Amino acid sequence: MTETERLGPVDVLRGGKRLISFSCNDYLNLSQHPDVKAAAIAATEKFGTGSGASRLVTGNHPLFATLEAKLAKLKGTQSACVLGSGYLANSGIIPALVGKDDMICVDELSHACIYAGASLAQGAVHIFRHNDMDHLREILEGHRKGHPHALIVTDRVFSMDGDLAPVSVLADIADEHDAWLMTDDAHGIGVVGPSAGTVPLQMGTLSKAIGGYGGYLCASQAVIDLIRTRCRTFIYSTGLPPGVVAAAIAALDLIAADPEFAARPLAKAIAFTRLLDLKEAESPIVPIVIGDTERTMAAARMLEDEGFLVVPIRPPTVPEGTARLRITFTAAHDDADIERLADIIKTRILDTP
Ligand SMILES: *Cc1c(COP(=O)(O)O)cnc(C)c1O
C-alpha cells in the first residue's frame, strides 16, 4: 500500500512523484471543492468532530435528516437512511431483509460487500453470470418456490468494468418472481443518469462522486423503518461525523445545481473510448483488460514514468486472466492529458503484441 497525497482535484504525490491520477473515484472532484470543504468546516465548528454515539442513542445530529431528504428526492423514493459506509450498508441491509430460509441472487461481478451481506444473511446464495438475464430467470424458476423471500442484488455500475446492469429487465424479473431488487449505485450516483425501471431498494455510497464518506439506502418508509430497527451495522455503529454529513449535503446541492458539470466525467470517458475505438463508455470507468498480471503491472509502471497514475487491478479483485488497467475519469481532467494518455496506451500497450 503506497502513500498517496492528493494535491488538488486530479494531481497526487506518490512515491515522491507528482502524477496525474486516473485512479480515483472522486469523479466530480468534490472532495477538493471549496464549498464542500467550507460546509465540513462549518459543521465541525458548530457540532464537533464526532457524533458521539450510534444514531439510535444520541448520535443522530440534525444534519442527517437534511441529507436523507435530499437522497430520497434524488432517487425518487419515500425515504432514505444514511449508514457508516457502503460496505457497512450492504453487509447490514441484506441480512436485515432476508434470512436463512430465503434466497439471494447475486450478479457474479458484484462488489465484495454484496457477497459479505449475502453470506451474513445465511440464506441460499445463487450467483448468476454477469448481466445474464436468462441465467437469472433459470435460477428463480428452479428455486424460488422453495423460499419465502427472494432478493436480487447487483451493482448498477460495475466497479471494475464500468458497464451497467439491465435494470428495467431486472425489475421485470423481480416482479415476475415476487422478489425484491436492490441495486448498488456506488459508481453511479451523481454521474450516471437514472436507469429505466423501478427499483425499490437503491443503495450506494457517499464516498465516490459525492466526495466524502458514508453509505445510504433509499427505499419506502416501511423498509427504512425496518433498517433503522433491524440493521445491525446501523444500530451498533457510531453515526457519521457532522462534518462528513454536511459535506455530502453541499456536494448533492452542487450536483443538483449543475447537470452539465455532473455529466462531465462520463463525457470524458466517452471521448477516451472513441479515441481508442473501444466499446463506448457507459460510466466514468473504462477498463483496459490486458489479461496477464505481469504485463499489466509493467504497463502501469510505464504510465507512471509518463506522469500518469493508473493503478493495475489484478486477481482476485477481478477474475483470473483479466488483469487490467482501470481508468477513471473526473470532471477536472484536462482534455489534452486524456489525449496524451490515450495515445500512449494505443501505441505502447494496445498495438504491441
Ligand atoms: C466502493 C463500493 C462500495 C463500498 O463503499 P464504501 O463507502 O467505500 O464502503 C460498495 N459497492 C460498490 C459497488 C463499490 O464500488
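Name the pairs whose Cβ atoms lie under 6 Å apart, with the first residue in the stretch 33-57 and of a type in the set (Val, Ile, Thr), the second assigned to a helix (DSSP H, G or I), and 6 or more positions between them or separate chains?
Short answer, once both residue conditions are applied: VAL36/LEU30; VAL36/ALA247; VAL36/ALA250; VAL36/ALA251; THR44/GLY243.
Scan (1) farther than 25 Å from ALA40 by Cα; (2) out of contact with any His (no Cβ under 9 Å at 6 or more places or on another chain); (3) among the β-branched types (Val, Ile, Thr) for the single condition ILE285 breaks and write down its number.
(2)
Please specify each residue of the stretch 94-152 satisfying the condition of being buried (at least 16 other Cβ atoms within 10 Å of the Cβ), within 16 Å of the ligand (Cβ to nearest atom) and either assigned by TED's automatic domain parsing to the domain that holds ARG314 or in a loop (DSSP other than H, G, I, E, B) (or both).
If the condition is that a residue be buried (at least 16 other Cβ atoms within 10 Å of the Cβ), within 16 Å of the ligand (Cβ to nearest atom) and either assigned by TED's automatic domain parsing to the domain that holds ARG314 or in a loop (DSSP other than H, G, I, E, B) (or both), then LEU109, SER110, HIS111, HIS130, ASN131 are the ones that fit.
Please go through the stretch 291-324 and give me each residue that is hydrophobic (A, V, I, L, M, F, W, C), surrounded by fewer than 22 Cβ atoms within 10 Å (Cβ to Cβ) and over 23 Å from LYS208 (Cβ atoms), ordered by number.
MET297, ALA298, MET302
Does the stretch 179-188 contain any residue that is within 16 Å of the ligand (Cβ to nearest atom), surrounded by fewer than 15 Cβ atoms within 10 Å (Cβ to Cβ) and on the phi < 0 side of the Ramachandran plot?
No: zero hits.
Among the residues of the stretch 153-172, which ones are within 24 Å of ILE227 (Cβ to Cβ) and away from the ligand (no atom under 16 Å from the Cβ)?
ALA171
Considering only the stretch 59-104, state which residues are more than 21 Å from LEU151 (Cα to Cα), over 21 Å from the mean Cα position of the chain (by Cα) and among the small types (Gly, Ala, Ser).
GLY59, ALA65
Please give the number of the condition THR330 fails out of (1) within 20 Å of LYS279 (Cα to Cα); (2) of a type in the set (S, T, N, Q); (3) at pLDDT below 95.
Evaluating THR330 over (1) within 20 Å of LYS279 (Cα to Cα); (2) of a type in the set (S, T, N, Q); (3) at pLDDT below 95 leaves (3) as the failure.
I'd like to check something: does the stretch 206-219 contain any residue that is away from the ligand (no atom under 16 Å from the Cβ), crowded, with 16+ Cβ neighbours inside 10 Å and in the same structural domain as LEU56 (by TED's automatic domain parsing)?
yes
Among residues belonging to the stretch 220-241 that are among the polar types (S, T, N, Q) and assigned to a helix (DSSP H, G or I), point out the one that is nearest to LYS37 (Cα to Cα).
THR233
The values are calculated or read from the model by the stated rules, or taken from the named source; none is laboratory data. Keep in mind it's a predicted model, so treat the numbers as computed, not measured. Neighbour counts are summed over all protein chains in view; Cβ atoms, including those assigned to glycine, are modelled from backbone coordinates with ideal geometry.
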